[in-house]
Amino acid sequence: MSGARRSVYRVLLGDRADRLQPQLSDYIDGVARGEAGVGRGVYEFAGPSKAWLMPLFMLATRANALFGERGENVGLTVVNVPHSDGRGRVCLSSTRSFAFPGVVRTMEDTMLAGRDGLLHDFLGRRRFLEVSLRLGVSSEGWLRMRSVGTWIWFGRLRVPVPRVFSARVDLTERWDSATASQRVEVTLTHPVLGSVFEYRGSFTYEPRGGSIDAVDTAAIDRRF
């Protein structure tokens, strides 16, 4: 695969990517660098798993990392932009917009294919929250991710979050032939509180022309 068609997923999965469902394989390979992919759909549920957690997650709303609203049948728009950072490392920057009644909440992140074989996801407008994830492919050909570490960045200082305070992230992404759409399920599980945040639903995806100039790589360039 040429450099123009590389993706963070393909770099980390290697030959295992060939075991993915064909439609999912097309998705993770990404569009040609310099273009954007746009997905639209509806999530059956999105937000904190328990109502009493809503005020806590509202603290992350202004940072565009997570959000405190929760609800069903939430409209989703996601824009993916593959690019490289200043060191030539393969990245994917995404903006996810969740349409709740009366308000739209945004999650921003940049994923980096790390030299340690892990996916490093930097969340928030300033990419202050870092989560490392291990990628795998299930026997059904689904993409699976599970977090193995969490850090908070204070300027250039990288501070690990103890496991007792951090939630494990589990993600499953697959192609649903019944609806001809892509299905994603994400759950954050705290070691004491159990499930604390989740979103699940389906979307359709298409490549669109677009510029990577709008992707701010300065934050990721200072990290990892």
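The values are calculated or read from the model by the stated rules, or taken from the named source; none is laboratory data. Just so it is clear, the structure is predicted and the values come from calculations on it, not from any experiment. Quick reminder, even Gly has a Cβ in these numbers, built from the backbone with ideal geometry, and neighbours come from all protein chains shown. In case anyone asks, the SASA skips ligands and DNA or RNA and just uses the protein heavy atoms, side chains included. Shrake-Rupley method; radii C 1.70, N 1.55, O 1.52, S 1.80 Å.
Annotations
- Single residue of Gly39, Gly75 found to be more than 24 Å from Arg146 (Cβ to Cβ) and in contact with a strand residue (DSSP E or B) (Cβ under 7 Å, 6 or more places away or on another chain): Gly75
- Segment 61-89: number of residues that are under 26 Å from Ser181 (Cα atoms) and either under 11 Å from the mean Cα position of the chain (by Cα) or not polar (S, T, N, Q) (or both): 16
- Segment 128-140 - residue that is outside any strand (DSSP E or B) and free of Cβ contacts under 8 Å to residues at least 60 places away in the same chain and, of those, surrounded by the most Cβ atoms within 10 Å (Cβ to Cβ): Ser138
- Filtered residue count, segment 121-145, keeping only those that are touching an Asp or Glu at 6+ places or on another chain (Cβ under 6 Å) and farther than 20 Å from Asp15 by Cα: 5
- Lone qualifier among Val137, Val42, Val78, Val104 - being hydrophobic (A, V, I, L, M, F, W, C) and in contact with a helix residue (DSSP H, G or I) (Cβ under 8 Å, 6 or more places away or on another chain): Val137
- The listed residues are Arg125, Arg62, and the only one of them that is touching a residue at least 40 places away in the same chain (Cβ under 8 Å) and either open to solvent by 30 Å² or more (accessible area, probe 1.4 Å) or β-branched (Val, Ile, Thr) (or both) turns out to be Arg125.
- Scanning segment 140-154 turns up no residue that is at pLDDT below 95 and of a type in the set (A, V, I, L, M).
- Whenever a residue of segment 94-114 is of a type in the set (Lys, Arg), its partners that are open to solvent by less than 20 Å² (accessible area, probe 1.4 Å), lying with C-beta atoms within less than 8 angstrom and at least six residues away or across chains, give the pairs Arg96/Leu76; Arg96/Val78; Arg96/Met107; Arg105/Thr61; Arg105/Phe67; Arg105/Phe98.
- Residue count for segment 152-204, restricted to those that are open to solvent by 70 Å² or more (accessible area, probe 1.4 Å) and outside any loop (DSSP other than H, G, I, E, B): 8
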